[in-house]
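Each reported figure results from applying straightforward, stated rules to the coordinates on display, with no laboratory input. What you see is a predicted model, and the numbers here were worked out from it, not measured in a lab. Cβ atoms come from the backbone with ideal geometry, glycine included; neighbour counts cover every protein chain shown.
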Amino acid sequence: MSDVAKCPTCGSYSKIKVKEGETTYQAVQDEEAFKKIQQLKKAMDKFKMKADQLEKELEELKLKHS
């Protein structure tokens, strides 16, 4: 998922992409879309943290049963 920030040239909220060392900005046209992107990003971060915790717990259980 791409990061969202203000574009340094126009000041609009933009999706940031870095390709071959060059940063490009693509404007997000709708404020609701921006809010939804932020919500989805937070949800994905929570899911990733929980998945990481479960992986660690699984490894611990595997070690105990070995």
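Points worth noting:
- Between helix 31-65 and the chain: long-axis angle, C-alpha atoms, 0 to 90°, nearest 10: 20
- Of [x] -0.40, -0.86, -1.28; [y] -0.45, -0.80, -1.07; [z] -0.54, -0.87, -1.09, the label for log10 I(q)/I(0) by the Debye sum over Cα atoms at q = 0.13, 0.21, 0.27 Å⁻¹ derived from the coordinates: [z]
- Dividing the summed -39500 (n - 2.57) terms of all DSSP H runs of n ≥ 4 by the residue count of the chain sets its mean residue ellipticity at 222 nm at -19500 deg cm²/dmol.
- Of the GluC sites (Glu not before Pro) found in the chain, those in coil by DSSP whose Cβ has at most 15 other Cβ atoms within 10 Å are 20.
- For segment 3-65, the dipole from Cβ point charges (+1 on Lys and Arg, -1 on Asp and Glu) about the Cα centre works out to 120 debye, to the nearest 20.
- Set 19/48; 17/50; 42/64; 41/62; 6/56; 15/50 screened for pairs whose C-alpha atoms are more than 29 Å apart: 42/64; 41/62; 6/56
- Using 0.36 nm per residue and subtracting the Cα-Cα separation, the extra length available between residue 24 and residue 44 on full extension is 4.9 nm.
- Residues 13, 25 arranged by fewest to most Cβ contacts within 10 Å: 25, 13
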